[in-house]
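For reference, the structure is listed below as structure tokens.
Nothing in this text is a laboratory measurement; each read-out follows from the coordinates by a stated rule. Note that the structure is a prediction, hence the values are computed from the model and not measured. Glycine also receives a Cβ, built like all others from the backbone with ideal geometry; neighbour counts cover every protein chain displayed.
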Amino acid sequence: MAKDYYQILGVDRDADPSRIKKAFRKLARETHPDANPGDPQAEARFREAAEAYEVLSDPDRRRSYDRGEQIDISGMFGDLDDLLRSVFGGSGFFGNAGTSQRSRGQDILVRIGLSLEEAAFGVEKRIEFEAQATCSTCGGDGAAAGAQVITCRGCGGSGMVRSTRSSFLGSMVTTSTCPRCRGRGREVTQVCGRCQGIGVDTETQSLNVEIPAGVSEGTRLRLRGRGAAAPMGGMPGDLYVEVGVRSDSRFEREGDHLFYRATIGVTEAALGAEIEIPLLQGGLYTLRIPPGTQPGWVSRLAGYGTPRMGSRRRGDMLVEVEVTIPREVSRQEEDLLRELADLRGESPLPRPFRRSRRRGSGKKR
């Protein structure tokens with residue numbers, strides 16, 4: 001029974017050449033033996049996909065196949081590398097053949113602590129961290145003083161080396177980073193003594209970082225390209241600054257809102273009062289407590305919370321009132337309270353019996 005090449009590639013019978021090519025590209029990446037190490041069936045699946053593509057990508061073969069004619073596939077696979085290059089282009093099978101592989105520096109994470117006020121309104125902080133930096137002796141090219149930078153003799157400047165192995169499919173070509181130049185495409189006649197030719201050296205680095213207003217616990221700021229330098233002139237990594245916010249004895253923070261607990265006396269709660277509320281940015285806010293205020297009463301001060309990160313808006317401050325009841329009262333205060341109780345028709349406990357000691361009541365000897 002003839003093979004269904006359309007089914008093998010997963011395309012319709014009226015698929016155009018670009019769709020057929022796209023389908024084979026996908027299958028080639030999935031079934032290539034180099035992508036399936038240890039799978040003895042990989043080569044068979046790859047050959048079947050290549051056979052289907054060879055037939056359907058050629059107009060004359062495809063017409064013959066569609067008419068049901070027998071297709072002679074003997075000698076169809078000349079140089080498999082040529083087939084892959086015709087499909088994947090000059091970039092190679094894995095998308096990097098013939099190009100220099102530039103390494104990337106490591107990302108660095110630095111943690112800093114901020115006060116609640118600094119987190120709310122922003123601050124500039126100077127941070128220090130250990131990381132690889134461009135070698136100050138060779139300037140990053142890895143060459144000793146007076147040495148020359150020449151084209152790599154291992155890869156001819158491409159940064160990649162190719163290896164070929166034979167199989168029943170033909171020539172199987174794979175590419176990898178050149179071990180001599182580490183993908184740079186260049187080498188030096190004498191390496192730098194400070195960095196041993198890699199172009200970077202570990203140093204203590206310092207940097208001023210602008211912390212934006214509104215950051216919160218765990219916020220991470222990303223500074224592109226400010227991390228560790230990469231060996232041999234590659235791309236530097238990124239620097240991440242993670243924020244920690246210290247607790248504040250005055251306020252509790254929840255999102256963009258602040259919570260403050262104010263304490264007032266019994267008479268202030270009953271008759272009303274004006275109290276001073278501290279503000280996070282400094283100064284005081286005069287809050288009017290209405291007569292008859294009950295414990296747990298909450299007043300919302302709009303716009304007195306913390307700024308929202310990346311916005312001009314601010315959250316609110318919520319002031320919760322706690323009413324303190326005196327644990328001990330003087331004789332005069334007790335008299336006044338009992339008078340108030342009589343006026344209000346309340347029945348407190350009777351006045352406790354107070355035993356007094358008389359002077360000179362003891363017997364003389």
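In the stretch 129-235, Cα pairs under 8 Å separated by at least six residues give a relative contact order of 39 percent. FRET efficiency for the pair T202 and S163, taken as 1/(1 + (r/R0)^6) with r the Cβ-Cβ distance and R0 = 41 Å, rounds to 0.75. Spin-label model, Q190/Q41: points 7 Å from Cα along the beta carbon direction are separated by 6.0 nm. If R0 is 45 Å, the Cβ-Cβ spacing of R250 and I127 corresponds to a FRET efficiency of close to 0.95. From Cα pairs below 8 angstrom and at least 6 apart in sequence, can you work out the relative contact order of the stretch 210-334, rounded to a whole percent? Relative CO of the stretch 210-334 lands at 24 percent.
Per-residue packing, averaged as other Cβ atoms within 10 Å, sorts the ranges 177-185, 244-252 into the order 177-185, 244-252, beginning with the highest.
Round to the nearest 0.05 the FRET efficiency obtained for L223 and R312 when R0 = 30 Å and r is the Cβ-Cβ distance.
Details: r = 24 Å, r/R0 = 0.79.
It comes to 0.80.
Just need the relative contact order of the stretch 211-263 here, percent rounded to a whole number, with Cα pairs under 8 Å and 6+ apart. Mind showing how you got there, number by number?
Working: 63 pairs, mean separation 16.2, N = 53.
Across the stretch 211-263, relative contact order equals 31 percent.
How long is the gain from L301 to F259 if the chain were fully straight, where each residue apart is worth 0.36 nm and the alpha carbon distance is subtracted?
Working: separation 42, 0.36 × 42 = 15.12 nm, distance 1.01 nm.
Extending this stretch completely gives an extra 14.1 nm.
Label positions at E339 and R13, each projected 7 Å from the Cα along the C-beta direction, are separated by 11.0 nm.
Taken about its Cα centre, the stretch 237-300 carries a charge dipole of about 240 debye when Lys and Arg each add +1 at the Cβ and Asp and Glu each add -1 at the Cβ. Going 7 Å from the Cα of R111 in the Cα-to-Cβ direction, what parts of the stretch 187-223 have a backbone nitrogen less than 16 Å from that spot? The answer is 216-221, whose backbone nitrogens lie closer than 16 Å to the label point.
Taking 7 Å steps out from each Cα toward its Cβ at L284 and T324 produces label points 1.6 nm apart.
Karplus-derived 3J(HN,Hα) values for the stretch 216-228, using 6.51 cos²θ - 1.76 cosθ + 1.60 with θ = phi - 60°, are 10, 4, x, 4, 10, 9, 10, 10, 5, x, 9, x, 6 Hz; glycine and proline are entered as x.
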